[in-house]
Amino acid sequence: MTYQVALAFEDGITRFIKVGPRETVADASYKARINIPLDCRDGACGTCKAFCESGKFDGGDYIEEALTDDEAEKGFCLPCQMVPESDLVLQIPTTSDVAKTTATTYSSTLTEIRRLSETTYAFSLEIENRDELSFLPGQYVNIEVPGSGGQTRSYSFSSGPEVSTLSFLIRITDGGLMSTYMRDVAAVGDQINFTGPMGSFFLRDPKRTSLLLAGGTGLAPLLAILEKLSGMDTPHPTHLIYGVNTDTDLVELDVLEDYKSRIDGFTFDTVVGDPNSAAEKKGYVTNHFEPHHLAEGDVDIYLCGPPPMVEGVRRHLEGEGIKPQNFYFEKFALAVVPDAAAAPEAPAPAAPAEEAAEAPAALPTYEIGEEHATFQAQFDARMALELAVVELTMGKLTPEQLTEFKVLAELAGKTLSGEKFVDAAEFTVTNDAFHQFLFRCVGNEHLLQAYNRLEVPATMAKVLRQEHWIDGAVDADHLAIVAAFENQDLAAARTAIMAHNEHAKATMAAASRASK
């Protein structure tokens, strides 16, 4: 029997190969001209070692030096020896470029455009060579925007891998490249090219309770996952919590109701952030976790939403002492791009910031004195990086990016009331999204990594508590930085950033003293 094997590379590219009876994965890969790591070919060196995300296989013959029993127990394997006994998903420890392969580009026809709400559209594409396109539920493609000179935006499939028509969701935002095309220009019959599939956010073999969390159009990849589950026989329950900002942002509820009838054990809740909503459940998705959703940690969590939502869920789990068996998440950067379902716009990287990881480790623990010294250095280092980034971004932000920057500042401000916290934990999340904004806009991955390595949000989460004082100027500082960018005033931006650093350190110092 022939099986399909997905080779997921470190750069997010996924290639699919067919492996025949008694054929090894390595042999099939090389027949397909995909040069995965390989040396001895007889299970002696371990050069080809990969990780099997899902599926069954015969591991073949190899020596302990190439693959230990402990590694094999955890799911590691040797493609030069393994023979599939089902479809497989393998994580290959190299990039697609090193393997001398690339993602495939497809030509498609736009067959449907649906306005689901004031803010959300759905669109469908069809390709003639549909049998040649394989993807995992949850993955995305880069879609070329017609008339843009080759610019692309990244969208996750909302349709399942076996469905012939390819479907996607898009949040419509004024000024967005794909938004403008879909709302004002697109017509059924348009030719659209896309490249993929890509991404490490996808459904694994259901082995336990699953909790799916969607933020806005982050619902799209979870719909693809639900479509896959609808064709599977799994005894494990699946619950979806779908969070949006306003009532009008809720879409595809009829589709979700249909999945309730098609998937045994599937349930879902909708949560609206607007306090004036008519919805039964309001606030954040974390406000509506029930004990059975988390199954005391024996749960796989799949989350797709903006960075503040991802970080908010992580910190909620940490605060509750919940360590899920697996936590897979995809972030789409609302702070960078008007198209909310898309990946960051140029000059930011084209692909969504994606991760698939086990539950986050606990925050580092410090003694109070060490903590104080740490945050002083961390905040000064953050300021130095921000002063450098402001030089690179001043006068270069689009009107849409300026709007997003201001929205992030206002979101952080809503968690404060003068010198008091309305929600200290949420302030840490929204504040981080605000400070990350310019690093994402500049498009320099090294600067973004340098900011993330400072782990300022982790330190803030460790120190700040609801009852602590916050310097009342912090909120005004955020707005002053945004105003400086709106006025293209470099000197004002530098002054506001330096003042903000002092106010932030004063807040942290007071919180540290209060914790003694």
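With farther than 24 Å from Leu294 by Cα, open to solvent by 10 Å² or more (accessible area, probe 1.4 Å) and not aliphatic (A, V, I, L, M) as the only criterion, which of Pro161, Pro197, Pro237, Pro206 stands out?
Details: Pro197 fails: open to solvent by 10 Å² or more (accessible area, probe 1.4 Å); Pro237 fails: farther than 24 Å from Leu294 by Cα; Pro206 fails: farther than 24 Å from Leu294 by Cα.
When all the criteria are applied, what remains is Pro161.
Looking only at the range 109-136, how many residues end up being touching a Leu at 6+ places or on another chain (Cβ under 9 Å) and under 11 Å from Ile170 (Cβ atoms)?
Residues in the range 109-136 being touching a Leu at 6+ places or on another chain (Cβ under 9 Å) and under 11 Å from Ile170 (Cβ atoms): 5 in total.
Yes/no per residue for (1) under 22 Å from Val310 (Cβ atoms); (2) crowded, with 17+ Cβ neighbours inside 10 Å; (3) within 17 Å of the chain's Cα centre (by Cα):
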residue	(1), (2), (3)
Glu445	yes, no, yes
Leu464	yes, yes, no
Glu467	no, no, no
Ile470	no, yes, no
Asp477	no, yes, no
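For the range 275-318, how many residues meet the condition of being surrounded by 15 or more Cβ atoms within 10 Å (Cβ to Cβ), part of a loop (DSSP other than H, G, I, E, B) and in contact with an Asp or Glu (Cβ under 7 Å, 6 or more places away or on another chain)?
The total comes to 2.
In the range 379-410, how many are within 23 Å of Met178 (Cβ to Cβ) and among the hydrophobic types (A, V, I, L, M, F, W, C)?
Going through the range 379-410 one residue at a time, the tally reaches 5.
Across the range 94-143, which residue is surrounded by the most Cβ atoms within 10 Å (Cβ to Cβ) among those that are outside any loop (DSSP other than H, G, I, E, B) and under 21 Å from the mean Cα position of the chain (by Cα)?
We begin by selecting, within the range 94-143, every residue outside any loop (DSSP other than H, G, I, E, B); these are 104-115, 120-126, 130-132, 140-143.
Right, trim to under 21 Å from the mean Cα position of the chain (by Cα) and you get 120-122, 140-143.
Details: Thr120: 24, Tyr121: 22, Ala122: 22, Tyr140: 32, Val141: 27, Asn142: 21, Ile143: 24.
This residue is Tyr140.
Being within 25 Å of the chain's Cα centre (by Cα) and modelled with pLDDT under 95 narrows it down to one residue among Val255, Val272, Val251; which is it?
Numbers: Val255 fails: modelled with pLDDT under 95; Val251 fails: modelled with pLDDT under 95.
Exactly one of Val255, Val272, Val251 is within 25 Å of the chain's Cα centre (by Cα) and modelled with pLDDT under 95, namely Val272.
Taking only the range 1-47 into account, find how many residues are open to solvent by less than 10 Å² (accessible area, probe 1.4 Å), touching an Asp or Glu at 6+ places or on another chain (Cβ under 8 Å) and in a loop (DSSP other than H, G, I, E, B).
1
Could you run through the range 482-516 and say how many residues are aliphatic (A, V, I, L, M), surrounded by fewer than 18 Cβ atoms within 10 Å (Cβ to Cβ) and either within 16 Å of Arg465 (Cβ to Cβ) or free of Cβ contacts under 8 Å to residues at least 40 places away in the same chain (or both)? Quick ask: steps written out before the conclusion?
In the first step, residues of the range 482-516 are kept if they are aliphatic (A, V, I, L, M); the result is 482-484, 490-493, 496-499, 504, 506, 508-511, 514.
Retained after the next criterion (residues that are surrounded by fewer than 18 Cβ atoms within 10 Å (Cβ to Cβ)): 483, 490-492, 498-499, 506, 509-510, 514.
Next, only the ones that are either within 16 Å of Arg465 (Cβ to Cβ) or free of Cβ contacts under 8 Å to residues at least 40 places away in the same chain (or both) stay: 483, 491-492, 499, 506, 509-510, 514.
The total comes to 8.
Looking only at the range 48-77, count how many residues are without any contact (Cβ under 8 Å) to a residue 12 or more places away in the chain and either part of a loop (DSSP other than H, G, I, E, B) or crowded, with 19+ Cβ neighbours inside 10 Å (or both).
2
The values are calculated or read from the model by the stated rules, or taken from the named source; none is laboratory data. What you see is a predicted model; the values in this text were computed from it and never measured. Ideal geometry is used to build each Cβ from the backbone, glycine not excepted, and the neighbour counts take in all protein chains shown. Quick note on the areas: whole protein, heavy atoms, side chains included, nothing else; ligands and nucleic acids left out. Shrake-Rupley method; radii C 1.70, N 1.55, O 1.52, S 1.80 Å.
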